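The values are calculated or read from the model by the stated rules, or taken from the named source; none is laboratory data. Bear in mind the structure is a predicted one, so any value in this text is a computation, not a measurement. Here the Cβ positions follow ideal geometry from the backbone for every residue, glycine too, while neighbour counts run over all protein chains shown.
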Amino acid sequence: MRFVIQLVAVVAISFLAGQAVSATTGTVWPALAAGLAASVVAMLVYYWSVRLTEKRTVTEASAGTAASGLFRGTLLGTVLFAAVIGNIAVNGGYRVLGLSDEPIAAVGLIGFMAAAAVTEELLYRGVLFRHIERLIGTWLALALSALVFGAVHLLNPNATLWGALCVAIAGGGMLTSAYIATRSLWLPIGLHFGWNYAQSAIFGTEVSGNGLKTGILDSELSGNTWISGGAFGPEASLSTLMAGIVVTAVFLWLARRRGNFLPLVRRDEEAPAARLAG
């Protein structure tokens with residue numbers, strides 16, 4: 001029942017956030033304001049739904065670690081995507097045509113990408129992964145939640161099975177392992193935001209086939225789709241896949257050192273395990 005209540009709450013606020021942000025499409029400052037407001041409201045809805053249903057301190061959304069987690073995650077996501085697109089460019093799959101006609105649009109994308117990162121992390125890491133982990137342990141929950149995360153991207157424009165698989169392995173694996181390593185939602189939220197914002201607002205490429213490439217640079221992807229990612233964008237490239245695997249491995253190594261893995265447990269062993277599940 002706790003899972004259902006939290007899932008309904010997060011899905012509902014995600015839908016409303018999407019509607020609010022979509023209503024400001026084509027604007028700059030309203031889009032920024034709507035996206036940031038939606039992000040804050042979504043976090044509050046998650047916080048109180050968990051607090052009310054689980055009767056515990058919501059440590060994974062603690063305000064005390066928000067600033068550092070968001071900063072480190074955003075920096076990592078931005079640098080990581082810069083390395084990926086740099087590798088794609090070196091191999092002939094990406095080139096800059098010049099500055100965008102409307103670089104100010106990059107400001108509005110802050111709101112859009114913030115709302116997307118927050119709502120998706122609350123849904124896939126805060127609700128889905130966290131509850132599944134309590135039932136089947138960390139490893140299986142990581143694999144299952146990552147597959148769901150990738151499968152949902154099959155609904156995107158220009159989606160392919162390969163692109164969804166890359167999102168599952170690189171995106172789902174990397175973001176979920178960031179949560180496992182820190183037991184906090186803030187780092188994966190920042191990582192998700194930094195990666196997506198760099199793709200669209202800075203380097204001007206497709207974001208999971210959605211066409212969100214209005215930003216600072218006017219660019220194009222070309223050549224071999226294994227290198228560039230094709231119409232789905234760099235997330236369907238081998239560079240993204242390899243980068244995601246490496247970062248996931250590092251986070252999982254860190255999580256292992258910190259003792260943050262949960263085994264598959266029987267119901268009578270669930271209470272002790274709940275210490276990490278939150």
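Data overview
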| read-out | value |
| --- | --- |
| Within the stretch 1-39, tally of residues that are outside any helix (DSSP H, G or I) and either of a type in the set (A, V, I, L, M, F, W, C) or touching a residue at least 40 places away in the same chain (Cβ under 8 Å) (or both) | 5 |
| Residue ID - nearest to Ser14 (Cα to Cα), chosen from residues in the stretch 45-64 that are surrounded by 17 or more Cβ atoms within 10 Å (Cβ to Cβ) and among the aliphatic types (A, V, I, L, M) | Val45 |
| Helices (runs of 4 or more DSSP H) fully within the stretch 130-188 counting 1 or more residues that are in contact with a Lys or Arg (Cβ under 6 Å, 6 or more places away or on another chain) and either within 18 Å of Ser237 (Cβ to Cβ) or touching a residue at least 40 places away in the same chain (Cβ under 8 Å) (or both) | 173-182 |
| Within the stretch 80-100, tally of residues that are in a helix (DSSP H, G or I) and touching a helix residue (DSSP H, G or I) at 6+ places or on another chain (Cβ under 8 Å) | 8 |
| The stretch 9-30, residues that are under 18 Å from Val107 (Cα atoms), crowded, with 16+ Cβ neighbours inside 10 Å and either polar (S, T, N, Q) or out of contact with any helix residue (DSSP H, G or I) (no Cβ under 6 Å at 6 or more places or on another chain) (or both) | Thr24, Pro30 |
| Some residue of the stretch 101-113 being closer than 28 Å to Leu144 by Cα and part of a helix (DSSP H, G or I) | yes |
| All positions within the stretch 189-208 that are over 25 Å from Gly126 (Cα atoms) and assigned to a loop (DSSP other than H, G, I, E, B) | Phe203, Gly204, Thr205, Glu206 |
| Residues that are within 23 Å of Arg257 (Cα to Cα) and crowded, with 21+ Cβ neighbours inside 10 Å, drawn from the stretch 135-168 | Thr138, Ala141, Leu142, Ser145, Ala146 |
| Residue within the stretch 258-277 that is modelled with pLDDT of 95 or more and within 20 Å of the chain's Cα centre (by Cα) present | no |
| Criterion: at pLDDT 95 or above and loosely packed, with under 14 Cβ neighbours inside 10 Å - qualifying residue of Ala67, Ala42 | Ala67 |
